[in-house]
Amino acid sequence: MSYIKCKNLVLGYEGMVVAENISFEVNKGDYLCIVGENGAGKSTLMKTLLGLTPPMGGVFECSDGLNAHEIGYLPQQTFVQRDFPASVWEIVLSGTLSSCGRRPFFGRAQKELAEKNMRRMDIWNLRKECYRKLSGGQQQRVLLARALCASSVLLVLDEPVTGLDPKATVEFYQLIKRLNNEGLTIIMVSHDVQAAIEYASHILHIEKERSFIGTVQEYMESEFWRELANKLEM
């Protein structure tokens, strides 16, 4: 089952091309990690997948009834977001907004979904706590619970371990892998190529005029990996 199909995508903004010739599919159960150097177009691709920035060329399709607004999204946090003065409960519950329809309030179904995902992320005991007082790892679990309230099918993560200490980073990667093993499809942008190789099922490596898509094993046998490995050794 294919959720996303991209063929010969041209990415850019304000008339400027940042990457092109990008073709790949995301299927049910995949764990796709998007890698590439700064400025390669990873953020622009992310915005395209979320329906925020239209492609400048090529084909982008959400298949099998999946709409862009139904994709769960975990953004890279800024300092201002980390200091947000709301309770854990309020933040996670806000992830159910798309299911409220025209009702101006959260119903029983939304509250039950929020509780389910807080327990799933082991943060139910923190529901009354102020978000800004939590550790970085706890905050990411809160945002992940919120994203899961928005979608139980496909989750997009943008540099999710930025700012986390090594222990919290490993725990978060293991948590994402567990969700993937449970059936959630994952798309993650990361600078951590080693983690991508350890946890992902597929790698999308993008550069301005070329890209690679394949399994982790295929990636490690490609010229993209050889070139990157040489740079890391320098």
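No value in this document is a laboratory result; all are computed from the given coordinates. Please read all numbers here as calculations on a predicted model, not as lab measurements. Don't worry about glycine lacking a Cβ; one is built from the backbone with ideal geometry, like all the others, and counts go over all protein chains shown.
A few points about this structure:
- Computed about the Cα centre, the dipole magnitude for the chain is approximately 1220 debye when only Lys and Arg (+1) and Asp and Glu (-1) carry charge, each at its Cβ.
- Annotation: aspartates and glutamates with alpha-carbon distance below 14 angstrom to residue 133 (same-chain offsets under eight excluded): 83.
- Filter on 5/128; 42/128; 28/116; 5/111; 28/231 - keep pairs with C-alpha separation over 30 Å: 5/128; 42/128; 5/111; 28/231
- Within the straight-line cut-off of under 19 Å between alpha carbons, the aspartates and glutamates reachable from residue 7 are 20, 25, 30, 61, 64, 207, 209, sequence neighbours fewer than 8 places apart in one chain being disregarded.
- The distance between label points at residue 162 and residue 178 comes to 2.6 nm (points 7 Å beyond Cα on the Cα→Cβ vector).
- Two-site FRET efficiency, residue 7 against residue 230, from Cβ-Cβ distance with R₀ of 45 Å, rounded to 0.05: 0.90
- Computed from label points 7 Å out along Cα-Cβ, the spacing between residue 47 and residue 59 is 2.5 nm.
- Distance in nm between pseudo-label sites at residue 25 and residue 171 (7 Å out along the Cβ direction from Cα): 3.9 nm
- Ranked by how many other Cβ atoms sit within 10 Å of their own Cβ, fewest first, the residues 16, 188 fall in the order 16, 188.
- Sum of -39500 (n - 2.57) over DSSP H runs of 4+, divided by residues of the chain (222 nm, nearest 500): -10500 deg cm²/dmol
- Taking θ as phi - 60° and the Karplus parameters 6.51, -1.76 and 1.60, the scalar couplings of the range 152-162 work out to 9, 10, 9, 10, 10, 10, 10, 6, x, 9, 4 Hz in sequence order, x denoting glycine and proline.
- Value of Rg/Rh across the chain [Cα atoms, Kirkwood radius]: 0.97
- Exposure proxy ranking, count of Cβ atoms within 10 Å, fewest first, for 215, 185: 215, 185
- Of the residues 62, 130, 6, the one with the fewest other Cβ atoms within 10 Å heads the list, and the complete ranking is 130, 62, 6.
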